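The values are calculated or read from the model by the stated rules, or taken from the named source; none is laboratory data. The shown structure was predicted, so the numbers you read here are calculated from the model rather than taken from an experiment. As a convention, Cβ positions derive from the backbone with ideal geometry for all residues, glycine included, and neighbour counts pool all protein chains shown.
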Amino acid sequence: MKKIFWIFIFMFSLANCYEMKTILGFKNPKGIFANENVVFVSNIGEKTNFLIKDKGGFISKLSKNGDMIEEKFIIGLDRPTELTQIENTLFVLDIDKIKAFDARTGEQIFELFINSRSDLNGIKKLNENALLVGDLRNSILYKIDLQTRTYEEFLKLNTNKFGNLRDFALDFANNKLYILGHDEENTNTIISIYDLNNKNIKIFKEEKNDYNAMILYENMVLLSALDENLDGKIYRLNLNNKKSEALKLNNIQTPSGMFLDNEILWLTILTQAKVLRIIFKN
């Protein structure tokens with residue numbers, strides 16, 4: 001644990017020393033998740049209209065080194081976005097449904113329909129029996145009960161104050177939920193904190209950067225964004241002093257999904273149909 005901690009300290013030091021591997025062979029890759037043995041990548045498919053339900057989406061499986069094991073491990077999805085895993089079950093968001101698959105075989109276990117107005121994006125493990133899922137269209141977080149296979153509204157954002165939902169991250173150590181929102185004009189990013197104990201929510205910070213995804217680690221948040229030249233950037237936000245700085249990464253284009261796997265940062269680049277595997281070195 002101490003070794004991993006110091007790897008992260010160096011990783012976030014903004015030192016320009018890293019190894020990047022580019023992995024090709026995807027069709028509009030969106031979400032990414034790594035377990036102890038493999039990496040799963042959701043592919044929206046070759047469609048240009050992402051709202052069309054054409055069963056052209058699929059899940060790819062990679063090795064931890066970034067080699068393609070199976071391009072179409074799971075097929076028949078419409079617009080798969082984020083995904084996560086609990087024990088041997090892989091959960092995938094597919095527009096208005098949550099679909100569960102056996103992570104070893106790819107066989108579907110069940111699916112849970114939310115509603116036809118949903119645009120599901122963002123999924124986190126709440127505990128062994130529950131998930132937290134984001135609905136971007138309605139700025140709602142749903143709690144999914146995996147035992148009863150039902151759902152309930154967990155939190156509906158006041159969009160006038162906290163913006164439209166983009167992403168979220170759980171801080172179990174402090175019983176907090178960090179929420180990434182955007183105002184109606186998409187000119188400001190609003191980062192809010194929801195207290196899981198007293199149910200209070202407050203604005204933590206507002207910024208001009210166009211953040212679209214977030215990962216929480218220790219006392220920092222990693223945020224993916226586009227700069228004014230539409231180049232991809234990864235920022236680290238220090239939760240103690242609220243200062244944000246860009247990591248010195250080159251040629252990452254438009255990051256659409258990211259996952260932190262110990263010392264490895266995985267990024268999906270939807271517009272370039274590729275995945276980046278980044279290891280920070282000393």
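Key figures for this structure:
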| quantity | calculated |
| --- | --- |
| Subset of the stretch 97-118 [farther than 16 Å from residue 55 by Cβ and within 19 Å of the chain's Cα centre (by Cα)] | 98, 100, 103, 118 |
| Number of the exception - residue 151 against (1) within 18 Å of the chain's Cα centre (by Cα); (2) assigned by TED's automatic domain parsing to the domain that holds residue 84; (3) part of a strand (DSSP E or B) | (1) |
| Checklist (1) small (Gly, Ala, Ser); (2) surrounded by fewer than 19 Cβ atoms within 10 Å (Cβ to Cβ); (3) farther than 16 Å from residue 155 by Cβ applied to residue 103, failing item | (2) |
| Residue in the stretch 89-96 that is within 16 Å of the chain's Cα centre (by Cα), farther than 26 Å from residue 22 by Cα and either touching a residue at least 60 places away in the same chain (Cβ under 8 Å) or loosely packed, with under 14 Cβ neighbours inside 10 Å (or both) present | no |
| Subset of the stretch 200-233 (residues that are assigned to a strand (DSSP E or B), over 16 Å from residue 188 (Cα atoms) and modelled with pLDDT under 90) | 217, 232, 233 |
| Options 76, 66, 57: the member that is small (Gly, Ala, Ser) and buried (at least 16 other Cβ atoms within 10 Å of the Cβ) | 57 |
| Meets criteria (in contact with a helix residue (DSSP H, G or I) (Cβ under 8 Å, 6 or more places away or on another chain) and acidic (Asp, Glu)) for residue 128 | no |
| Test for residue 61: is it closer than 24 Å to residue 263 by Cα and more than 16 Å from the chain's Cα centre (by Cα) | yes |
| Among (1) in contact with a Gly (Cβ under 9 Å, 6 or more places away or on another chain); (2) surrounded by fewer than 19 Cβ atoms within 10 Å (Cβ to Cβ); (3) not aliphatic (A, V, I, L, M), the one test that residue 262 misses | (1) |
| Any chance residue 248 is under 29 Å from residue 41 (Cβ atoms), under 20 Å from the mean Cα position of the chain (by Cα) and of a type outside the set (Gly, Ala, Ser) | no |
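The rows are residues; the columns are (1) among the acidic types (Asp, Glu); (2) closer than 22 Å to residue 123 by Cα.
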| position | (1), (2) |
| --- | --- |
| 160 | no, no |
| 163 | no, yes |
| 171 | yes, yes |
| 181 | no, yes |
| 218 | yes, yes |
| 221 | no, yes |
| 227 | yes, no |
| 232 | no, no |
